[in-house]
Amino acid sequence: MGDPDSPYKIRSDSGEVIESRFQPKAGKVLSEKKWRAAFDKQGRLDISKVLVRIQGGGVDPSIREEVWEFLLGCFAPDSTYVERATLRKSRREEYFQIKAECQKLDPAVGSGTVVTLPRVGENGPVNDIGRESDELPRSIVSLIQQDSRQKENNTTPLSSRGMDDEQTSHRAQFDFSNRVTAGETQNDEDARRVAAGNSTQENKVLEWKTTLHQIGLDVVRTDRSLEFYEKPSNLAKLWDILAIYSWLDPDIGYCQGMSDLCSPMVVLFHNEADAFWCFERLMHRLRENFRCTDQAVGVQKQLANLGLVLQVIDPKLYKHLDELGGGSFIFAFRMLMVLFRREFSFSDSLYLWEIMWALEFDPDEGHPSDVRGKQPVIHVSRHPIRDGWILRRGRTLYKWGKFERQNIKYGEGDAHEIPIVVFCAASIFESQRLRLQGAVGLDEVLKILNDVTGKLDAKKACKEALKLHKKYLLKAASMGGRRH
């Protein structure tokens, strides 16, 4: 029933859940005392002191909210107390201004409800929120109950249907052209019919409103084992943030899996605006994974990177999986898309995330100062290391995470562009190497990988990922040298 000492309480009626395995150790975890001691009188953070602690044992849950804002780049380490207070106030005002604009477009935003019914009908947009209530529709309750029964029976949960069904089909390509959960619906057809002859802005509104109920269908099935989401207001907060993000980033909109990434922010942050900006910073890193076209979904680039890594560090295993028809590594789709949320317990996934973020921390990563009107930070992808590559060696490298330091020391060319999550996935493949080499079909490969769910240790996964990262960089450099 979960760890009784965890700050993230599990509902008594949630059935079987993944147990937490990560055990923070005193002297290893970043404690509140060590965290406070890392700031000078003006509030500037000595990031090198805290990175070592986080990489070795994660963050004490009591300070996680504050620490994540630095790890994700909401605040620069060299900012002062005054500068951060000013920036926080500005961001909060900006968020609630955007929220007010969204409320004018659809009154369900900020109403305390979760939209689960279509907001576009045959005659155009639907703005009535009387059909929604704090009580979930019986059809949705039925779906959630079905989820619970399937999880207890160790079958595919409905909340991950869009991911798991695609994995079991072993297809190299995904039909994600709709970007959202369930493919073509009557609501989509209605939206297209209404859109004919509309202005660009009107069509943008229609497209956004089309996603709102689909966001709601995912929200009511996200982390339902947590007591936190027994409160309808917390579900509504998650829905509001995702709805507003999808409006602010129309190029990406909303895709299934985003609710899994946003949920921890809603649980951790008391202030909705702070939760939003932390989620925005996470999407700043991951948004390209969710970019969909008629031909491909963005995460396929990371799947290809996983194949490249395994081909370099373990060519025998790669060849075997490729001969089985698994060279596209489609079975790792879920791992990379939602950062192992389904392989770890809720609590352990947070430790995993913060350890990964600390390992790949880069103080040169852009820290947004404001949003709209001065180029939205949402549309900036993670910058590559270019001309400053060699110059950075002369600076205090402990301001970078260990993963980034290895990139600086051993990396060449585009090697640094592969994120640590890919190496964490590779470490899981390597941990199951003997079983995978004995697999005679993709169904067996998928079963082997599914068997690790709930049996992984966050710290060990990151430790092994670092080893594989170094091995990959050295081998890639050697192979590059031979080619030249």
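Residues that are open to solvent by less than 50 Å² (accessible area, probe 1.4 Å) and at pLDDT 85 or above: list the helices (runs of 4 or more DSSP H) wholly contained in region 377-484 that include at least 3 such residues.
Of the helices (runs of 4 or more DSSP H) lying wholly inside region 377-484, those with at least 3 residues that are open to solvent by less than 50 Å² (accessible area, probe 1.4 Å) and at pLDDT 85 or above span 402-410, 420-431, 442-451, 458-483.
If we keep just the residues of region 284-311 that are aliphatic (A, V, I, L, M) and either buried (at least 20 other Cβ atoms within 10 Å of the Cβ) or on the phi > 0 side of the Ramachandran plot (or both), which is modelled with the lowest pLDDT?
VAL297
Could you please let me know if LYS459 is in contact with a Phe, Trp or Tyr (Cβ under 7 Å, 6 or more places away or on another chain) and more than 23 Å from GLU323 (Cα to Cα)?
yes
In this structure, is TYR318 open to solvent by 10 Å² or more (accessible area, probe 1.4 Å), without any contact (Cβ under 8 Å) to a residue 40 or more places away in the chain, aromatic (Phe, Trp, Tyr) and not in a loop (DSSP other than H, G, I, E, B)?
For TYR318, the condition - open to solvent by 10 Å² or more (accessible area, probe 1.4 Å), without any contact (Cβ under 8 Å) to a residue 40 or more places away in the chain, aromatic (Phe, Trp, Tyr) and not in a loop (DSSP other than H, G, I, E, B) - is met.
Look at region 44-96 and say how many of its residues are of a type in the set (Lys, Arg) and outside any helix (DSSP H, G or I).
1
Where residues in region 1-36 are aliphatic (A, V, I, L, M) and modelled with pLDDT of 85 or more, which of them is nearest to the chain's Cα centre (by Cα)?
Only one residue tops the list, namely ILE18.
What is the number of the single condition among (1) at pLDDT below 95; (2) open to solvent by 20 Å² or more (accessible area, probe 1.4 Å); (3) over 30 Å from VAL17 (Cβ atoms) that GLY124 does not meet?
Single failed check for GLY124: (2).
Which of the residues belonging to region 2-41 are farther than 16 Å from LEU226 by Cα, in a loop (DSSP other than H, G, I, E, B) and either aliphatic (A, V, I, L, M) or free of Cβ contacts under 8 Å to residues at least 40 places away in the same chain (or both)?
GLN23, LYS25, ALA26, GLY27, LYS28, VAL29, SER31, ALA38, ASP40, LYS41, listed by residue number.
Select from region 257-283 the residues that are more than 14 Å from the chain's Cα centre (by Cα) and more than 17 Å from SER349 (Cα to Cα) and write down the one among them that is most open to solvent (accessible area, probe 1.4 Å).
Ranking the qualifying residues of region 257-283, first place goes to HIS270.
Can you spot a residue in region 272-291 that is under 27 Å from SER62 (Cα atoms), polar (S, T, N, Q) and part of a helix (DSSP H, G or I)?
No; the residues of region 272-291 include none that is under 27 Å from SER62 (Cα atoms), polar (S, T, N, Q) and part of a helix (DSSP H, G or I).
What tally of residues in region 18-65 results from selecting those that are crowded, with 17+ Cβ neighbours inside 10 Å, farther than 16 Å from LYS459 by Cβ and of a type in the set (Asp, Glu)?
Total meeting the criteria: 1.
Would you pick out the residues in region 102-112 that are under 20 Å from GLU207 (Cβ atoms) and touching a residue at least 60 places away in the same chain (Cβ under 8 Å)?
Matches in region 102-112: CYS102, LEU105, ASP106, ALA108, VAL109.
Taking the condition open to solvent by less than 20 Å² (accessible area, probe 1.4 Å) and out of contact with any Leu (no Cβ under 6 Å at 6 or more places or on another chain), does ASP240 pass?
For ASP240, the condition - open to solvent by less than 20 Å² (accessible area, probe 1.4 Å) and out of contact with any Leu (no Cβ under 6 Å at 6 or more places or on another chain) - is met.
Within the set of pairs 6 or more residues apart or between chains, which connect a residue that is open to solvent by 40 Å² or more (accessible area, probe 1.4 Å) inside region 77-99 to a residue that is basic (Lys, Arg) and at pLDDT 95 or above with Cβ atoms less than 7 Å apart?
That search, which allows pairs on different chains as well, returns ASP78/ARG44.
Given (1) surrounded by fewer than 20 Cβ atoms within 10 Å (Cβ to Cβ); (2) in contact with a Phe, Trp or Tyr (Cβ under 9 Å, 6 or more places away or on another chain); (3) farther than 28 Å from GLN201 by Cβ, identify the lone condition not met by SER225.
The number of the failed condition is (1).
Would you check if ARG342 is open to solvent by 30 Å² or more (accessible area, probe 1.4 Å), part of a loop (DSSP other than H, G, I, E, B) and modelled with pLDDT of 75 or more?
The answer is yes for ARG342.
The values are calculated or read from the model by the stated rules, or taken from the named source; none is laboratory data. The model shown is predicted, which means the values in this text are computed figures rather than measured ones. Using ideal geometry, Cβ is built from the backbone for each residue, glycine included, and neighbour counts are taken over all protein chains shown. Calculation scope for accessible area: heavy atoms of the full protein, side chains included, ligands and nucleic acids excluded. Shrake-Rupley method; radii C 1.70, N 1.55, O 1.52, S 1.80 Å.
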